[in-house]
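Working notes, structure below.
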Amino acid sequence: MTTSFPLAPGFPAAQTTSPDGDWLLGQLREVLDLTSRAAVRRLDPAFWQPRPGSTFRDELANTEVDVHGAPWGPQEPTMAFEMAQLSMLAVEDYLTGIRKLLEPPFPPPAPKLGSAVLCRSALESAGFAFWLMDPQLTVRQRVARTYLVLWDENKTALKNAKAGAPPNIAQAQADLSTLITRIDDLGLARAPKPLSVSGETLPSKTERVTALLAGKVSGGHEVVYSLYSAVAHGEMTGILSRRLAGGWTITPRQLTQNVELAVVAFGQLQQRLCLGGMGSAPDEVANQLWEHNVGRRLLAVRRRLA
């Protein structure tokens, strides 16, 4: 699917020229409202029931068995679907957060850094689910990725517990041992260094975001993500990106790009889920209407910024 709203080239072009501030914020708020409503529709339980004949539906009917001969059943692949649903929930929440930062007047007192931080979070949440829900995966690969994530997070939980009380350490260790036993029972090979399950390894957040944005941003994925990470972590490179002519501001172009990237994050995840089998069709009319309405508004903004 080719979106109707390709991102403006360059990052970040600090320019003092501005369309009418209230008009700009109004257009961007409408873009985010449209996208948040689309995301809420994707949280409907009916959306997460895979279509007959689709990749995801076939995974629920898998014929895999564990080392004891017991069928995997639908439970194992369903965990990946649930993780992706939580990621969609997070993306919608970040979109709502960005929307709340876009109240007039512009530029001050609009926050200078907040929307970039929320945009980064939307990219990371969508990037994770985009990686997990790749329709090209086999059910075994998807389940392996699910348990790989759980293994990594349980290891982190144990590490954090060791700074606390002994009962917390014991519980975290028991949880990790239970998980490892389950991985072994499913017949999934694992290795501790580097962490892998059935040959699947964890990509970095940058790699996941790069894959999410591939084809939507003309190169420089690492640069985009790096700058947003610098803003989120309070690094001088990120903070100084909001300094212009001796003052602190966020330019119309920077603000627009924050919104565009967050919207693309949702669109890419929505597309992947529909292609794999969620929703009523691989390319729903609702998706096309959303793209048209969002694209029309962003195009109007981009023309005023030119």
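Can you give the alpha-carbon Rg of region 36-140 over 2.2 N^0.38 Å, where N counts its residues?
Numbers: Rg = 18.4 Å, N = 105, 2.2 N^0.38 = 12.9 Å.
Output field value: 1.43.
Show me the ranking of peptides 191-197, 86-92 by mean Cβ neighbours inside 10 Å, starting with the highest.
Working: 191-197: 12.4, 86-92: 19.9.
The most tightly packed comes first, giving 86-92, 191-197.
Output ³J(HN,Hα) for region 164-175: one whole-Hz value per residue in order, computed from phi by the Karplus curve 6.51 cos²θ - 1.76 cosθ + 1.60 with θ = phi - 60°, and x for Gly and Pro.
Each residue of region 164-175 in turn: x, 7, x, x, 5, 5, 4, 5, 5, 5, 5, 4 Hz.
For the Cα atoms of the chain, what angle does the longest principal axis make with the long axis of helix 285-305, in degrees from 0 to 90, nearest 10?
Relative to the chain, helix 285-305 is tipped by roughly 40 degrees.
Relative to the longest principal axis of the chain, what angle (0 to 90°, nearest 10) does the C-alpha long axis of helix 21-41 take?
On a 0 to 90 degree scale, this one is about 20.
Which value in nm describes the separation of the simple spin-label points at Ser226 and Thr78, placed 7 Å from the Cα toward the beta carbon?
4.4 nm
Rounded to the nearest angstrom and ordered from largest down, what semi-axes does the equivalent ellipsoid of region 91-174 get from its C-alpha gyration tensor (root of 5λ)?
So the three semi-axes of region 91-174 are 35, 23, 8 Å.
Need one value: the accessible area of Met236 in square angstrom, 1.4 angstrom probe, rounded to the nearest 10.
About 120 Å², rounded to the nearest 10.
Sorting check: for 295-301, 20-26, which peptide has the highest mean count of neighbouring beta carbons within 10 Å, and how do the rest follow?
Per-residue Cβ counts within 10 Å, averaged per peptide and sorted highest first, yield 295-301, 20-26.
What is the Cα convex hull volume of the chain when expressed per residue in Å³?
Dividing the Cα hull volume of the chain by its residues yields 146 Å³.
In whole Hz and in residue order, list the ³J(HN,Hα) couplings for region 144-150 that follow from phi through the Karplus curve 6.51 cos²θ - 1.76 cosθ + 1.60, θ = phi - 60°; x for Gly and Pro.
Computed from phi, the couplings for region 144-150 are 4, 5, 4, 6, 4, 4, 4 Hz.
Rounded to the nearest 20 debye, what is the charge dipole size of the chain about its Cα centre when +1 sits on each Lys and Arg Cβ and -1 on each Asp and Glu Cβ?
Dipole magnitude for the chain comes out near 920 debye.
Please express the shape of region 150-306 as an equivalent ellipsoid: the semi-axes are the square roots of 5 times the eigenvalues of the C-alpha gyration tensor, given largest first in whole angstrom.
Over the Cα atoms of region 150-306, the semi-axes work out to 39, 26, 14 Å.
Using amide H atoms built 1.01 Å from N in the peptide plane, name the residues 5+ places from Val65, or on other chains, whose amide H lies under 5 Å from its own.
Result for Val65 returns Trp72.
Based solely on its DSSP helices, what 222 nm [θ] is calculated for the chain when runs of n ≥ 4 H residues each add -39,500 (n - 2.57) and the sum is averaged over all residues, nearest 500 deg cm²/dmol?
Details: 11 runs with 187 residues, N = 306.
Computed ellipticity for the chain at 222 nm equals -20500 deg cm²/dmol.
Once phi is turned into θ = phi - 60°, what whole-Hz ³J(HN,Hα) does the Karplus curve with 6.51, -1.76 and 1.60 give for every residue of region 111-119, x standing for Gly and Pro?
x, 8, 10, x, 5, 5, 5, 5, 4
Which values of log₁₀ I(q)/I(0), to two decimal places, follow from the Debye formula for region 134-195 at q = 0.24, 0.25 Å⁻¹ with a uniform point scatterer at every Cα?
With one equal scatterer per Cα and no solvent, log10 I(q)/I(0) is -0.98, -1.03.
Ranked highest first by the average count of other Cβ atoms within 10 Å around their residues, in what order do 263-276, 146-159 fall?
Details: 263-276: 23.7, 146-159: 17.1.
The most tightly packed comes first, giving 263-276, 146-159.
Let me check I've understood the local charge: for Val139, count other residues with C-beta under 13 angstrom from its C-beta, Lys and Arg +1, Asp and Glu -1. What total comes out?
-2
List the pair-distance distribution P(r) of region 69-216, using every Cα-Cα distance, as the percent of pairs falling in each 5 Å bin from 0 up to the bin containing the longest distance, rounded to whole percents.
Taking all Cα pairs of region 69-216, the binned fractions are 2, 9, 14, 16, 16, 15, 12, 8, 5, 3, 2, 0, 0 percent.
The values are calculated or read from the model by the stated rules, or taken from the named source; none is laboratory data. Not measured: the values here are computed from a predicted model. Please note: Cβ atoms are built from the backbone with ideal geometry, for glycine as well, and neighbour counts cover all protein chains shown. For accessibility, only protein heavy atoms count, side chains too; no ligands or nucleic acids. Shrake-Rupley method; radii C 1.70, N 1.55, O 1.52, S 1.80 Å.
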